[in-house]
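Notes follow the structure.
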Amino acid sequence: MTTTSQLSSADASMARFEKQTSRYGSITMLIGLVLSLIGPIYIAFFSGLEITSTMIWVAFLTVAGTFGVLWFVEPLTYFPILGSAAMYQAFMIGNISNKLLPAAIVAQSTIGARPGTKRGDLAAVMAICGAATVHLTSLLLFVGLLGTWLVSMIPADVIDVARLYILPSLMGAVLVQCIVAMKSLRPTVIAIVLALVMNFVVVPMAPAIGMFATAIVVIASIVFSWVLRDRKKIHTSES
């Protein structure tokens with residue numbers, strides 16, 4: 001009886017947490033949107049630079065053509081790992097793929113929380129809080145106070161090598177950590193095969209779709225993973 005009441009209390013607390021984060025997360029994101037648009041609106045209408053609506057639309061379409069696919073790909077790929085509450089944090093803070101997502105994956109793996117569960121969502125929230133705190137502290141110390149001195153002390157060759165390899169090495173570590181944490185062999189193999197086919201077969205044959213390659217692979221991975229899912233395992237878990 002006590003265990004049942006504790007579970008009910010925990011479920012109610014989690015439901016209240018999700019409701020509050022959805023409410024205040026939406027409000028915070030709207031405030032951030034308004035603040036981010038104040039500068040461009042002032043420049044467009046009150047700076048005297050004679051910026052026309054045609055210029056604004058051309059600039060928007062240029063950016064959308066380059067990054068528009070990420071507007072759909074990133075939420076689809078991040079949500080299963082971060083959960084709803086951490087998604088608000090992540091998109092407000094930024095640097096998701098190279099900072100916040102690795103922090104969330106490592107935190108979930110450390111405590112043995114499976115992504116997509118309530119425990120995994122809470123781990124992602126706390127990990128992002130920690131990552132943001134460390135990031136701001138390190139910026140203040142190593143960039144704000146010691147930035148110029150540190151750059152002058154590091155050899156130029158080392159800086160060039162770091163710029164070339166730091167992002168691929170980070171993405172590789174995140175990918176391996178994610179595979180280990182998810183423990184889903186079939187979707188992992190499907191995603192890797194589709195990515196290899198896209199990069200080494202499809203894109204060389206049709207370079208025009210290179211801009212949409214990531215979106216195509218993500219959507220195709222979801223579809224093929226669902227079609228080729230292990231139906232016996234699902235049936236066993238349901239029964």
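Numbers at a glance
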read-out	value
In segment 86-112, the residues that are over 13 Å from the mean Cα position of the chain (by Cα), buried (at least 19 other Cβ atoms within 10 Å of the Cβ) and of a type in the set (A, V, I, L, M)	Ala107
Neighbours by Cβ (under 8 Å, 6+ apart or cross-chain): first from segment 215-227, under 19 Å from Gly65 (Cβ atoms); second among the hydroxyl-bearing types (Ser, Thr, Tyr)	Val218/Thr77
Matching entry among Phe60, Phe46, Phe17 (being loosely packed, with under 10 Cβ neighbours inside 10 Å and more than 25 Å from Ser169 (Cα to Cα))	Phe46
In segment 20-57, the residues that are under 30 Å from Leu122 (Cα atoms) and at pLDDT below 85	none
Criterion: surrounded by 12 or more Cβ atoms within 10 Å (Cβ to Cβ), at pLDDT 85 or above and out of contact with any Leu (no Cβ under 6 Å at 6 or more places or on another chain) - qualifying residue of Ala131, Ala127, Ala181, Ala162	Ala127
Helices (runs of 4 or more DSSP H) wholly inside segment 20-123 containing at least 2 residues that are β-branched (Val, Ile, Thr) and over 25 Å from Cys178 (Cα atoms)	53-67
Pairs with Cβ under 8 Å, 6+ apart, first in segment 151-172 and under 16 Å from Lys99 (Cβ atoms), second part of a helix (DSSP H, G or I)	Leu167/Asn98; Leu170/Asn98; Leu170/Pro102; Met171/Ser97; Met171/Asn98
Scan of segment 139-159 for residues that are among the aromatic types (Phe, Trp, Tyr) and either out of contact with any Leu (no Cβ under 7 Å at 6 or more places or on another chain) or under 30 Å from Ala220 (Cβ atoms) (or both), ordered by number	Trp149
Condition check for Phe212: in a helix (DSSP H, G or I), among the aromatic types (Phe, Trp, Tyr) and loosely packed, with under 11 Cβ neighbours inside 10 Å	no
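The values are calculated or read from the model by the stated rules, or taken from the named source; none is laboratory data. Source: prediction; values computed, not measured. Every residue, glycine as well, gets a Cβ built from its backbone with ideal geometry; the counts of neighbours run over all protein chains shown.
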